[in-house]
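For reference, the structure is listed below as structure tokens.
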Amino acid sequence: MKRLSLAVLAAALPLAGHAADGLSYTYLEGGYSASKSDIAPLDRDVDSDGWSIRGSAAFHPNFHAFGDYTRESVDRSPLDRDQWRLGVGYNHEVSPRTDLLTRVAYQKLDFGHGINGDGYSVEVGARSVLLPALEGYALAGYDHLDDGFDSDFYGRLGAQWKFTPNFGVAGDVKLIKGGDTQWFIGPRLRW
């Protein structure tokens, strides 16, 4: 009986979900970031730019942990925009080149001088290999921050051009309801 159970389990493993061919959920990227936001606690538009570092690590064929940190200087102001998030994602292959994706994260936004908030974000969407050297994703999400910050729905579009199987350049734009926008571009190492 024990051998039969092991044989059934071994036969079922290839049928278990996993990432689509060509998609890796283990990577590290860093680069330039910029934001344009209407920040409710400040009651004004804020433009900022700086740098970000992001990463993800697959710990199961269908699950990955991810995190990012952004440090931007606010134009014409002594304030800095520090933003970070940590979360977990679930990916489910729907075709050999496409995954459905769900991600949940804890996040914190801090401008200094007591202007900060923490909360969560939830994203759902798809990630796909579009060409042998190009992959892209589209996500819909919801951000919630406390302490007077607006909670909003958003869309996120991103792509990566792969120069080699392990190196490429990634770009991302987050379009937040109400006109706020965040951009990122930089090199990505994946394995």
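Counting only DSSP H runs of at least 4 residues, each contributing -39500 (n - 2.57), and dividing by the residue count of the chain, the helix-based mean residue ellipticity at 222 nm comes to -1500 deg cm²/dmol. Gain in length, D110 to A159, computed as 0.36 nm per residue apart minus the alpha-carbon separation, to one decimal in nm? Here the answer is 14.9 nm. Taking every Cα-Cα distance in the chain and sorting them into 10 Å bins starting at zero, the pair-distance distribution P(r) comes out as 9, 33, 31, 16, 7, 3, 1, 0 percent. If you take all other residues with their beta carbon under 15 Å from the beta carbon of P132, and give Lys and Arg +1 and Asp and Glu -1, the sum is +1. A simple packing score, the average count of other Cβ atoms within 10 Å per residue, orders the peptides 23-35, 73-85 as 23-35, 73-85, with the highest score first. Kirkwood analysis of the stretch 83-191, using all unique Cα-Cα pairs, places the hydrodynamic radius at 15.2 Å. Our note on the geometry: Cα centres of the stretch 74-108 and the stretch 109-130, 6 Å apart. Length gained on full extension, Y32 to L130, computed as 0.36 nm times the residue gap minus the Cα-Cα distance: 32.8 nm.
FYI, it's all coordinate maths here, none of it is from the lab. Quick caveat: nothing in here was measured; it's all calculated off a predicted structure. We place every Cβ from the backbone using ideal geometry, glycine too, and count neighbours over all the protein chains shown.
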